[in-house]
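Colleague: Sending over a structure as structure tokens; questions will come in a sec.
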Amino acid sequence: QVQLVESGGGLVQAGDSLRLSCTARTFSKYTMGWFRQAPGKEREFVATISWSGLDTHYADSVKGRFTVSRDNAKNTVYLQMNSLKPEDTAVYYCAARYTGYDRGHIREYEYDYWGQGTQVTVSS
């Protein structure tokens, strides 16, 4: 069982930055993903990173502003969020998928484990 714990959310103003972290007990060979769910909306893909860190993908809405990275020695994946917008307001979830393939995954159903989420609120 993989337990994921997110941290780093908060209330910021438009244009500010935040870095989310997600820590797991075990990390090797896990593709990691970030998703978000805004009030009244379905959960959506944000970013993913393969277990080596070499393969990353982003939602169009965050490309150029968000960066996903990981530190396998610390069992931690990060989501650096810059130039935040009010429409980025959501609960952000970390997800993990065990895989023998070093590639990212963008579909929610491909992930086996989820964190509890961390709230990000961006005021205008």
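Colleague: Quickly work out the Gln37-to-Leu54 label distance, labels modelled 7 Å from Cα along the C-beta direction, and quote it in nm with one decimal.
Modeller: In this crude spin-label approximation the distance works out to 3.5 nm.
Colleague: How big, in percent, is the set of alpha carbon pairs in the chain lying more than 21 Å apart?
Modeller: Counting every Cα pair in the chain, those more than 21 Å apart make up 30 percent.
Colleague: Right, something else. Could you tell me the number of lysine pairs in the stretch 1-108 with C-alpha atoms less than 22 Å from each other, where the two lysines are 8 or more residues apart or belong to different chains? If you can, show how the numbers build up before the last one.
Modeller: Details: Lys29/Lys74; Lys41/Lys63; Lys41/Lys85; Lys63/Lys85.
Total qualifying Lys-Lys pairs in the stretch 1-108 comes to 4.
Colleague: May I ask you to evaluate 6.51 cos²θ - 1.76 cosθ + 1.60, the Karplus curve with θ = phi - 60°, for each residue of the stretch 50-59 and list the ³J(HN,Hα) values in order in whole Hz, giving x for glycine and proline?
Modeller: Values per residue, Gly and Pro as x: 6, 5, 7, x, 7, 10, 10, 9, 9, 5 Hz.
Colleague: Moving on to the next point. If I take every Cα pair under 8 Å that is 6 or more residues apart in the chain, average their sequence separation and divide by the length, what percent do I get for the relative contact order? Display every interim value, and only then the final one.
Modeller: Details: 328 pairs, mean separation 46.1, N = 124.
Once divided by the residue count of the chain, the mean separation gives 37 percent.
Colleague: Mind putting a number on the dipole of the stretch 34-124 about its Cα centre? Charges go on the C-beta only, +1 for Lys and Arg and -1 for Asp and Glu, and I need it in Debye to the nearest 20. Kindly include the intermediate steps, with their values, before the conclusion.
Modeller: Working: 11 positive and 11 negative charges, 31 e Å.
Roughly 160 debye for the stretch 34-124.
Colleague: How many percent of the accessible area of the chain is carbon or sulfur, using a 1.4 Å probe?
Modeller: Ligands and nucleic acids excluded, carbon and sulfur reach 45 percent.
Colleague: Describe numerically, in nm with one decimal, the distance between label points set 7 Å from Cα along Cα→Cβ at Glu87 and at Gln13.
Modeller: For Glu87 paired with Gln13, the spin-label model returns 2.2 nm.
Colleague: Please list 3J(HN,Hα) in residue order for the stretch 37-42, calculated via the Karplus relation 6.51 cos²θ - 1.76 cosθ + 1.60 where θ = phi - 60°; whole Hz, with x for glycine and proline.
Modeller: Each residue's phi maps through the Karplus curve to give 9, 8, x, x, 10, 7 Hz.
Colleague: Each residue of the stretch 76-86 in order: what ³J(HN,Hα) in whole Hz does its phi give by Karplus 6.51 cos²θ - 1.76 cosθ + 1.60, θ = phi - 60°, with x for Gly and Pro?
Modeller: Values per residue, Gly and Pro as x: 9, 10, 10, 10, 7, 10, 10, 6, 5, 10, x Hz.
Colleague: State in Å² the accessible area per residue of the chain; use a 1.4 Å probe, count heavy atoms of protein chains only, and round to the nearest integer.
Modeller: Ligands and nucleic acids excluded, the figure is 52 Å² per residue.
Colleague: With unit charges on the beta carbon (Lys/Arg positive, Asp/Glu negative), name the residue among Val12, Phe27, Gly53 whose Cα is farthest towards the positive pole of the charge dipole of the stretch 10-65.
Modeller: With unit charges placed on the Cβ atoms, the residue in question is Phe27.
The values are calculated or read from the model by the stated rules, or taken from the named source; none is laboratory data. Bear in mind the structure is a predicted one, so any value in this text is a computation, not a measurement. Heads up, the Cβs are rebuilt from the backbone with ideal geometry, glycines too, and the neighbour counts pull from every protein chain shown. Accessible surface areas use protein heavy atoms only, side chains included; no ligands, DNA or RNA. Shrake-Rupley method; radii C 1.70, N 1.55, O 1.52, S 1.80 Å.
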